[in-house]
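What follows is a set of notes on a single structure, which appears directly below.
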Amino acid sequence: MVRLGAGLGPPPSGALQPVLWTTDAEDPVVRELAADVEMACRSAGLPAPVRPGPDAAERRGPGLVFLVGHGESVDQHLRLLGQDGALAPGTVAHALQPWLAGAALVVLLVCEGGLRSMRARSGLVDSILAAGAPAVLASDARLAAQAGTMLVRELVPALARGDSLALAVTAGRRAVRGLAWPFPDSRWWRLGLTIGHAEAVGWAGPRHRLPHGWSPGPEAGRLLTAAMEHAARRRQRWLGVEHLVLALRDGPSPVRRELRLAARHWSAMLADYLDQFELVGNVPMRLSPRLVRVRDALPAGFQVDDLVEAVLQALPPALLRRLGLPLGRDDGSTYRFDFDPSDTRLPSVPLGDDLLATEDERDRTDDGTGEPGGEGDPCCGLEVLGGPEDGRRIVPAPGEELGRSTSSAQADHALYLDAGGIDPFLSRRHLRFLGPSRVELLRPGYRLVSQPGLRPRGEIELRVGEILGLTPLTWLVALGPSEP
């Protein structure tokens, strides 16, 4: 159900900017509900909520405004309970007016916040609409804190992924109904949407908002958005080079034909690799560590060629082959393709035994720089190849262990903790570092360069540039003393 009020205009266009205002920041219930709002925004890939005040950041894009506090009905009028006493609805609307005028939606997480007085525009909802907000979502009865949390957990992701306002509100109401609590303060139909303009119901933000920090040009933005769509299709909370390679398959025209051909050839196998990572719950959308380094190195307004070249430069040779990109380095800045794109006989499967490094590569560090390593260089660190933790570099001390993060136990170096995806095959204690070039497998693993094949538990020696597969999904490359 949607009510029509007296508003000033339609919602603005653009990407959402959350805004959070509380009536009493010291109240424990208000503080906990505000924290749930912040977590929902981070999990959906939105910027951190702005807190209105003298030092507030400049508003960017239409606001998703949350007002959190206690309210009560006195003689059919709403009274907001602030830290220093009662607050009149008009006072609140006046204080938030700069943010309400550019909002797409205002959410009142306030008991009886949706109560409308018989006198026109004297309630909080009408005051907010009169201040410029095109839509207000509020409960006209008491609102349980858990009901407010469930509403936010579904409403925010729906808006962030580009659903219309009507669909997003429906998702939030459905979550409240799912509580199945037989109490008056947890009834989904009490959550009423009041609009000040007819266009507000169908308003939707841009789909698949990029994680914070990217500043691409138009074509590069479309390529990154396509990669985000591959992650969203799998309900994955991380973006890695694998998603970019899948996006290259049907990439924009500036992408080299040879690169698109290689991506298309291996897309099914790469998709199967991605699908094996277990989904995680309510965690923020994140980039793999390697993509973070790529993003930080790119200038504002970068183009597709800049993005592709930066990614290729950041990938170790072994990971290039694993992604199905048969490239070789001509010099320090350019790449050649190791196959003829007109030839139907493409390279062999990159995720199988043909990943094995060539003899020439065995004595090189495998960090993507191509600098000589040498058999005498001790292995002093490890780097993850592929997946949510791709590019993470680990410098363990003797005796420290590496394994999968769990709620019950943590290794000294826990993988997949808030990483957006989990390798279900990795043990909680899978590898122990004994010292330079010496590790102990606590579970069987795969040695992929020298003496390839399944390695049983026990001590093995790692040379710089050698690859150790702990599971089919988690691979490590040995780093030299100067690399980590």
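Out of all the residues in segment 95-116, which are of a type outside the set (Gly, Ala, Ser) and in contact with a Phe, Trp or Tyr (Cβ under 7 Å, 6 or more places away or on another chain)? Spell out how you get there, then give the answer.
Kept after step one, since they are of a type outside the set (Gly, Ala, Ser), are these residues of segment 95-116: 96-100, 105-112, 115-116.
Passing the criteria: LEU96, VAL107, LEU109.
Scanning segment 362-412 for residues that are modelled with pLDDT of 85 or more and among the charged types (D, E, K, R) yields a total of 9. Consider segment 169-190 and keep the residues that are out of contact with any Gly (no Cβ under 9 Å at 6 or more places or on another chain) and touching a residue at least 40 places away in the same chain (Cβ under 8 Å). The one that is farthest from THR225 (Cα to Cα) is PRO184.
For LEU441, indicate whether it is at pLDDT 85 or above and either closer than 30 Å to MET39 by Cβ or surrounded by fewer than 16 Cβ atoms within 10 Å (Cβ to Cβ) (or both). Step through it out loud before you land on a result.
On the way: at pLDDT 85 or above: yes; either closer than 30 Å to MET39 by Cβ or surrounded by fewer than 16 Cβ atoms within 10 Å (Cβ to Cβ) (or both): no.
Here the answer is no, as LEU441 does not meet what is asked.
Here GLY328 fulfils each of the conditions (1) within 17 Å of LEU223 (Cα to Cα); (2) at pLDDT below 50 apart from (1). For first residues located in segment 233-260 and on the phi < 0 side of the Ramachandran plot and surrounded by fewer than 22 Cβ atoms within 10 Å (Cβ to Cβ), partners that are of a type in the set (Asp, Glu) and modelled with pLDDT of 65 or more and lie 6+ apart or on another chain with Cβ distances below 7 Å form the pairs ARG234/ASP275; PRO252/GLU219; PRO254/GLU219; PRO254/ASP305.
Please indicate, with yes or no, whether at least one residue in segment 23-45 is at pLDDT 85 or above, of a type in the set (S, T, N, Q) and within 28 Å of the chain's Cα centre (by Cα). No: segment 23-45 contains no residue that is at pLDDT 85 or above, of a type in the set (S, T, N, Q) and within 28 Å of the chain's Cα centre (by Cα). Selection of segment 142-167 for residues being in a helix (DSSP H, G or I), touching a residue at least 24 places away in the same chain (Cβ under 8 Å), of a type outside the set (Lys, Arg) and surrounded by 19 or more Cβ atoms within 10 Å (Cβ to Cβ) yields ALA147, GLY148, THR149, MET150, LEU151, VAL152, LEU155, VAL156, PRO157, LEU159, ALA160, LEU165.
Just a yes or no: is a residue in segment 131-149 charged (D, E, K, R) and either over 21 Å from THR22 (Cα atoms) or not assigned by TED's automatic domain parsing to the domain that holds GLU38 (or both)? Please lay out each step first, then the result.
Taking segment 131-149 first, the residues charged (D, E, K, R) are 140, 142.
The next check asks that each one be either over 21 Å from THR22 (Cα atoms) or not assigned by TED's automatic domain parsing to the domain that holds GLU38 (or both); those that pass are none.
No, segment 131-149 has no match at all.
Could you check segment 174-193 and list, in sequence order, the residues that are farther than 18 Å from LEU67 by Cα and in a helix (DSSP H, G or I)? If you could, list the steps in order and put the result at the bottom.
We begin by selecting, within segment 174-193, every residue farther than 18 Å from LEU67 by Cα; these are 174-184, 186-189.
Within segment 174-193, ARG174, ALA175, VAL176, ARG177, GLY178, LEU179, PRO184, SER186, TRP188, TRP189 meet the criteria.
The values are calculated or read from the model by the stated rules, or taken from the named source; none is laboratory data. A quick note: this is a predicted structure, and the numbers were derived from the prediction, not measured. For neighbour counting, all protein chains shown are included, and Cβ atoms are generated from backbone atoms with ideal geometry for every residue, glycine included.
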